[in-house]
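Everything below concerns the one structure shown next.
The values are calculated or read from the model by the stated rules, or taken from the named source; none is laboratory data. Remember, it's a predicted structure, so these values are computed and weren't measured experimentally. Please note: Cβ atoms are built from the backbone with ideal geometry, for glycine as well, and neighbour counts cover all protein chains shown.
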Amino acid sequence: MQFVDAAPRAARRIRYWDRAATEVTKDSPDPDWTVGVLMAIAEDGLIYIEDVVRFRGGPMTVEQMILATAEMDHQTYGLNVTIGIEQDPGSAGKSDAANYVRLLSRFNTRVFPVSKAKVVRFGPFSAQAEGKNVRIKRADWNEAYLRTLEKFPTPGVHDDDVDATSGAYNALKDTPQPKPRAAAAQLGPGSLD
């Protein structure tokens, strides 16, 4: 992947969260991470990893950090950043996702149910990286992020960055790109049906 100083301002963006909720304790010295990947797809189709937030904490800490990150993204990009909340299977996953939609009601928040295996979900992003279509903003999180991606799918290695990355890419890829207003005006009334 190529390193850059910034992504183009004109891009579709999502901050996609893979959530965990376990604090580091004596009984749980290496729990999963909560990871939020800010990804953009520019008009030329290039993919930019702009920011990665990763931390460990209990449910309240996770909620507070996700809300604080949403505020930060809003200050930087306005409402042009979708917040992606991964929904785990079952009724508990639905309830948890609904709670996040309420918590983030001021923002463009979408829920994404998970149904495919991790390796399958990561495949499309991995192919783009192999095709040299991914750029990464230079930052202090780069090394930990890339190390995690490179180790996937090694058993016993945390894959939280992988899940947030594949979730972000698949969400952006599956979201229709809005039609430019100028082109829509040239088509005439009723032609967008």
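So the values come out like this:
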quantity: Residues (among the basic types (K, R) and not in a strand (DSSP E or B)) located in the range 126-140; calculated: K132, R138
quantity: Check on A68, among the aliphatic types (A, V, I, L, M) and either within 12 Å of the chain's Cα centre (by Cα) or buried (at least 18 other Cβ atoms within 10 Å of the Cβ) (or both); calculated: no
quantity: Pick from the range 149-174, criterion outside any helix (DSSP H, G or I) and touching a residue at least 24 places away in the same chain (Cβ under 8 Å), ranking: surrounded by the most Cβ atoms within 10 Å (Cβ to Cβ); calculated: D159
quantity: Selection from the range 109-122 of residues that are more than 12 Å from the chain's Cα centre (by Cα) and either at pLDDT 95 or above or surrounded by 14 or more Cβ atoms within 10 Å (Cβ to Cβ) (or both); calculated: V114, K118, R121, F122
quantity: Count - residues of the range 49-80 that are of a type in the set (V, I, T), over 13 Å from W17 (Cα atoms) and in contact (Cβ under 8 Å) with a residue 40 or more places away in the chain; calculated: 1
quantity: Scope the range 30-43; condition closer than 21 Å to D163 by Cα and either among the hydroxyl-bearing types (S, T, Y) or assigned to a loop (DSSP other than H, G, I, E, B) (or both); matching residues; calculated: D30, P31, D32, W33, T34
quantity: Residue match in the range 82-105 (condition: closer than 23 Å to R9 by Cα, loosely packed, with under 13 Cβ neighbours inside 10 Å and not aliphatic (A, V, I, L, M)); calculated: no
quantity: Residue among V24, V53 that is β-branched (V, I, T), in a strand (DSSP E or B) and either more than 15 Å from the chain's Cα centre (by Cα) or surrounded by fewer than 22 Cβ atoms within 10 Å (Cβ to Cβ) (or both); calculated: V53
quantity: Cβ pairs under 7 Å, 6+ apart, first in the range 114-127 and within 11 Å of T165 (Cα to Cα), second of a type in the set (F, W, Y); calculated: F122/F152; P124/Y169; F125/Y169
quantity: Test result for T154, under 16 Å from D32 (Cβ atoms) and within 16 Å of the chain's Cα centre (by Cα); calculated: no
